[in-house]
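Undergrad: My structure is below; once you've seen it, I'll send some questions.
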Amino acid sequence: MIAYPKIYLEKATDITEKMLIENNIKGIILDVDNTLIYYNKTLLENVDVWCKVLQQKGIKFCIVSNSNKKDKVKMVANKLDVPYISFGMKPLKRGLNKAQKILGLKNEEIAVVGDQIFTDVIGANRNKMFSILVKPLETKDILITRIKRPLEEAIIHKYLKQRGEKENVHK
Ligand SMILES: [Mg+2]
């Protein structure tokens, strides 16, 4: 299912080295709004430390934000010391492809991490990248995102239900 993430987590910093190794992931593309920063632009707690630790383990990072606010995206990228692409146009392939070239990895070695199904997850899946959905840091969204949220919730509900049933089958 193109709208389902491979992994669904509370927040980006819950991603562990073990998770990445198990799935042969060598690079991470990060979303910004509601994934790394709150609306007042404060960073997700400990995200800089998390990023540095994984970088030291050889994991490469790149930011791809759909935001056209370049200064904001740059500020986050500088704090994490990673390259960035603003106005990334996810789920279209262009921004993600640019990031793939920066990372120098195969698509299947890259995880895309974000809080939106219709941009981050579908963008990753269409591009044969590994999709990791996280819960949005805040529920306050811009209008266009707010319209999409109930549909996302319905998809997540179905996804969790299906995953639960699958797990039961294996028991
Ligand atoms: Mg976002």
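Bear in mind these aren't lab numbers, they're just calculated from the coordinates by the rules spelled out. Here the structure is a predicted model, which is why all the values come from computation and not from measurement. Note: ideal-geometry Cβ built from the backbone for every residue, glycine included; neighbour counts use all protein chains shown.
Undergrad: So, how do all the Cα-to-Cα distances of the chain break down into 10 Å bins, in percent, from 0 on up?
TA: Histogram of Cα-Cα distances, whole percents per bin: 10, 42, 37, 10, 1.
Undergrad: Let me ask something additional. What fraction of the DSSP beta bridges in the chain is antiparallel, stated in percent and rounded to the nearest 5?
TA: Of the beta bridges lying entirely in the chain, close to 5 percent run antiparallel.
Undergrad: Hey, another quick one. Using the basic label-point model (7 angstrom from Cα toward the beta carbon), what is the VAL49 to LYS79 distance in nanometres?
TA: Going by the 7 Å Cα→Cβ label model, 1.5 nm.
Undergrad: For TYR39 and LYS158, what does the FRET efficiency come to when R0 = 30 Å and r is the distance between their Cβ atoms, rounded to the nearest 0.05?
TA: Approximately 0.60, to the nearest 0.05.
Undergrad: Starting from 0.36 nm per residue, how many nanometres of slack lie between GLU138 and LYS72 once their C-alpha separation is accounted for?
TA: Between GLU138 and LYS72, full extension yields 22.0 nm more.
Undergrad: Another question, then. Given ILE15, THR35, ILE122, which one lies farthest toward the positive end of the charge dipole of region 7-138, if we put +1 on the Cβ of every Lys and Arg and -1 on the Cβ of every Asp and Glu?
TA: ILE122
Undergrad: Need the full-extension length gain, LYS57 to LYS148, defined as separation in residues times 0.36 nm minus the C-alpha distance. One decimal, nm.
TA: 29.1 nm
Undergrad: How do 120-126, 79-85 rank on mean C-beta neighbours within 10 Å, highest first?
TA: Averaged packing, sorted descending, gives the order 120-126, 79-85.
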